[in-house]
1. Does a label point 7 Å from the Cα of Asn89, set along Cα-to-beta-carbon, have any residues of region 4-25 with amide nitrogen under 19 Å, and which are they?
2. When the chain is treated as a GNM, springs tying every alpha-carbon pair under 10 Å, which of Val102, Val144, Val61 comes out with the largest mean-square fluctuation?
3. Please list 15-24, 82-91, 30-39 highest first by mean number of surrounding beta-carbon atoms within 10 Å per residue.
4. If I stretch the segment between Val51 and Lys31 completely, what's the gain in nm (0.36 nm per residue apart, minus their alpha carbon distance), one decimal?
5. What's the angle, to the nearest 10 degrees (0 to 90), between helix 35-45's Cα axis and the longest principal axis of the chain?
6. For the chain, modelled as a Gaussian network with Cα springs under 10 Å, which listed residue fluctuates most, Ser73, Ser130, Ser12?
7. How big is the equivalent ellipsoid of region 2-111 along its three axes, where each semi-axis is √(5λ) from the Cα gyration tensor, reported in whole Å from largest to smallest?
8. Return the distance in nm (one decimal) between the two label points of a simple spin-label model at Phe135 and Ile114, each offset 7 Å from Cα along Cα→Cβ.
Amino acid sequence: MPYVLDTSAILSGRIFTGKLYTTPEVAKEIKPGGHSWRLMEFLMSRGMEIVEPSKKAVDTVKKTAIKTGDIASLSPADIEALALAYELNATLLTDDYSMQNVAKELNIRYESIIEEGIKEKFYWIFRCKSCGKFFKEFYEICPVCGGKLKRVRKD
Ligand SMILES: [Zn+2]
């Protein structure tokens with residue numbers, strides 16, 4: 001199973017098995033010399049490749065992100081990682097909501113990195129801390145009462 005790692009996946013310090021890819025823009029976000037750099041070098045030593053997605057794939061991702069309203073919260077690195085996962089039919093490793101949202105729209109498989117790990121399949125939903133309503137999507141404020149949403153796990 002091929003995986004595309006975004007910056008958060010690399011910085012997680014987790015050891016991923018499978019064929020690993022990342023993109024030039026993601027690599028650019030990692031400062032040379034520091035701890036993050038060593039994490040990336042470690043993954044490279046285990047065969048992670050840096051591959052640039054085609055312009056066509058990047059355009060598809062941008063168009064979709066405009067449609068879903070996520071374009072403003074995506075960095076060039078985020079867009080490239082999405083485009084590469086789309087192009088290689090790889091699973092995207094990211095904790096970023098906007099990236100996951102665009103991935104969903106493009107039928108790109110994705111997995112979250114934090115806590116539970118990537119082996120286990122699970123989904124996140126959102127729950128309002130004030131009124132307790134559940135939502136499938138994240139909102140800045142609760143559409144019902146204006147309260148804050150909290151991410152909760154759904155099995
Ligand atoms: Zn509410």
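Readers should treat all values here as calculations from the given coordinates under stated rules, not as data from a laboratory. The model shown is predicted, which means the values in this text are computed figures rather than measured ones. Quick reminder, even Gly has a Cβ in these numbers, built from the backbone with ideal geometry, and neighbours come from all protein chains shown.
1. Under cut-off, by backbone N: 4-5, 18-22.
2. In the Gaussian network model the winner is Val144.
3. Numbers: 15-24: 17.6, 82-91: 23.3, 30-39: 12.7.
By packing density, highest mean first, the sequence is 82-91, 15-24, 30-39.
4. Numbers: separation 20, 0.36 × 20 = 7.20 nm, distance 1.85 nm.
Length gained, Val51 through Lys31: 5.4 nm.
5. Helix 35-45 sits roughly 60 degrees off the main axis of the chain.
6. Ser130
7. Listed largest to smallest, the semi-axes of region 2-111 are 22, 14, 12 Å.
8. The answer from the label model is 1.7 nm.
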